[in-house]
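Have a look at the structure below, then the notes.
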Amino acid sequence: MRSSAATGLLAIVVVATSAIIAAAPQQLSEQVRSAYVSVDAPVVILTNARVIDGTGGPVREGQTIVIKDGLIAAVGAATTVTPPEGARVIDLTGKTVLPGLVMVHEHLYYPVGPGVYGQLGESFTRLYLAGGVTTMRTGGNVNGFMDLNLKRAIDRGEKPGPAIDATAPYLNGPNTFIQMRTLKDADDARKQVAYWADEGFTSFKAYMQITRAELGAAIEEAHKRGLKITGHLCSVTYAEAADLGIDNLEHGFLAATDFVPTKAADTCPGQGAGQQTIAALDENGEPFRALVKKLIDRRIALTSTLTVFETFTPGRPLPPGLDVLLPELREQFLKTFERVKANTNSNYAKLFPKALMLERAFVKAGGLLIAGTDPTGSGGVIPGFSNQRQIELLVEAGFTPAEAIQIGTLNGAKYLGRDTRIGSIAAGKQADLIVIAGNPAADIADIHKVEIVFKQGIGFDPAKLIASVTGRVGLW
Ligand SMILES: [Zn+2]
């Protein structure tokens, strides 16, 4: 048994090595390497690891993972491996390896004042990586070029951070955001998509006041270029967006206005009005089941962003990671937290548990649920820390730890069309891995104990990444 497992492992090493020619290992500047990297060797061998592989399958104990040239060269139950020269062997007894998180509703901005969103790409990219996020999509930007410039700097190894699927500035109708443009008409929507796509953006986000005609035009232009478009909707219902061919809907069902009886076409009745109907929605009733069926038939992914809604809900614990904030911003959030706590009549008291239930129902019916955190709201969603919290909340919704991790890894990779390369732990895939000092399969709270984050085979030290921004998050 033992010897055959070991033979199998070695065979995989040989196969993977021949496939490595096509891979591009992560290049890193000396500055990034010396500041944040804890493990960097030609071959890294992780032994005695518990593996949760991202597919939702059973947890495997006593695993060995061989990392070479930025890839997972082998993974298996070998108990003995002869390490090649120059290899670094790390004994992970009692620890767990997960795929790097693939999260799809992230932002590089944060609410710093009345209607003002600070552009925090510099600190946020470090926090995301520290939290175990190795690939992320930004879900709309209010800066213009920063998401794309940061993505490129990270790809070149000049800055630490996850691989970024950069989303262009929001596509929206008339709105009150001072950092957001207003579309004129469908032709304008088409032009906007074309412009940002030409600049190199790879994703689009429709927002709450867009019209059906504008959304339809934007979808057409994005799809023509092989790009995807998501939406945090209100003026357009989920069913209408599905008919127009949208790829993804944000915030679970909490942005759906499909059930508002007085809703006028192309008009947002208010997010609160929609959420009143969602809080009262019967998850076994025909209207909800019909909507779920439509989304699944059209292969539309749904993004869970429970973390941001948790901060609006009375009776929930303080969110993790607040200590990294600039003290003034931390104080600002803590005041809001006390207000939320006192407001026990809030619709969120009913809505939040319903959100969990509806997302679970969507998956049970066969839908693709993906995950993100949305670091907006009132400022309690801290990148990296919140990505781990999001997985915990999925477990609270009734998913097993392995299923919740799958939603935050392989499902995201599938949506991005990168699942042959990232999102799970398998030989030949990119070595994007998180080492956890504990067992999240037994206690999902252990997911906060991230010890090493491997991105393309290079191990980053989360403590160093976090220390580099602590007390400054809010400035840059
Ligand atoms: Zn968002």
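The values are calculated or read from the model by the stated rules, or taken from the named source; none is laboratory data. As the structure is a prediction and not an experimental result, all values here were calculated from the model. Note that each Cβ is placed from the backbone with ideal geometry, even for glycine, and that neighbours are counted across all protein chains shown.
The residues of segment 134-150 that are within 26 Å of residue 424 (Cα to Cα) and assigned to a helix (DSSP H, G or I), listed by number, are 147, 148, 150.
Residues in segment 375-408 that are within 13 Å of the ligand (Cβ to nearest atom), surrounded by fewer than 23 Cβ atoms within 10 Å (Cβ to Cβ) and of a type in the set (Ser, Thr, Tyr): 1 in all.
When segment 139-151 is filtered for residues that are more than 14 Å from the ligand (Cβ to nearest atom) and under 19 Å from the mean Cα position of the chain (by Cα), the ones remaining, listed by number, are 146, 148, 150, 151. Among the residues of segment 112-133, those identified as away from the ligand (no atom under 16 Å from the Cβ), in a loop (DSSP other than H, G, I, E, B) and at pLDDT 95 or above are 131, 132.
For segment 164-178, the set of residues classified as surrounded by 15 or more Cβ atoms within 10 Å (Cβ to Cβ) and aliphatic (A, V, I, L, M) consists of 164, 166, 168, 171, listed by residue number.
Might you check whether a residue that is within 16 Å of the ligand (Cβ to nearest atom), among the aromatic types (Phe, Trp, Tyr) and closer than 21 Å to residue 105 by Cα occurs anywhere in segment 234-247? Scanning segment 234-247, I find no residue that is within 16 Å of the ligand (Cβ to nearest atom), among the aromatic types (Phe, Trp, Tyr) and closer than 21 Å to residue 105 by Cα, so the answer is no. Note on segment 179-259: enclosed helices (runs of 4 or more DSSP H) holding 2 or more residues that are buried (at least 24 other Cβ atoms within 10 Å of the Cβ), over 22 Å from the mean Cα position of the chain (by Cα) and among the aliphatic types (A, V, I, L, M) are 186-199, 212-224.
Applying the criterion of being in a loop (DSSP other than H, G, I, E, B) and at pLDDT 95 or above to the residues of segment 70-111, the residue that is nearest to the ligand (Cβ to nearest atom) is 107.
In segment 30-80, of all residues being within 25 Å of residue 126 (Cα to Cα) and hydroxyl-bearing (Ser, Thr, Tyr), the one that is surrounded by the fewest Cβ atoms within 10 Å (Cβ to Cβ) corresponds to 34. Note on segment 295-346: residues that are touching a strand residue (DSSP E or B) at 6+ places or on another chain (Cβ under 8 Å), more than 16 Å from the ligand (Cβ to nearest atom) and not in a helix (DSSP H, G or I) amount to 3.
Taken over segment 416-437, the residue count meeting the criterion of being surrounded by fewer than 18 Cβ atoms within 10 Å (Cβ to Cβ) and of a type outside the set (A, V, I, L, M) is 5. Taken over segment 38-74, the residue count meeting the criterion of being free of Cβ contacts under 8 Å to residues at least 40 places away in the same chain and closer than 15 Å to residue 429 by Cβ is 1.
Listed by first and then second residue, the pairs linking a residue in segment 357-379 that is in contact (Cβ under 8 Å) with a residue 24 or more places away in the chain and in a helix (DSSP H, G or I) to a residue that is more than 16 Å from the ligand (Cβ to nearest atom) and among the charged types (D, E, K, R), with Cβ atoms under 7 Å apart and 6 or more places separating them unless they lie on different chains, are 357/283; 358/283; 361/283.
Just one of the numbered conditions (1) within 16 Å of the ligand (Cβ to nearest atom); (2) closer than 20 Å to residue 446 by Cβ is not true of residue 372: (2). Taking the listed residues 246, 229, the one that is hydrophobic (A, V, I, L, M, F, W, C), within 17 Å of residue 291 (Cβ to Cβ) and touching a Phe, Trp or Tyr at 6+ places or on another chain (Cβ under 9 Å) is 246, with no other qualifying.
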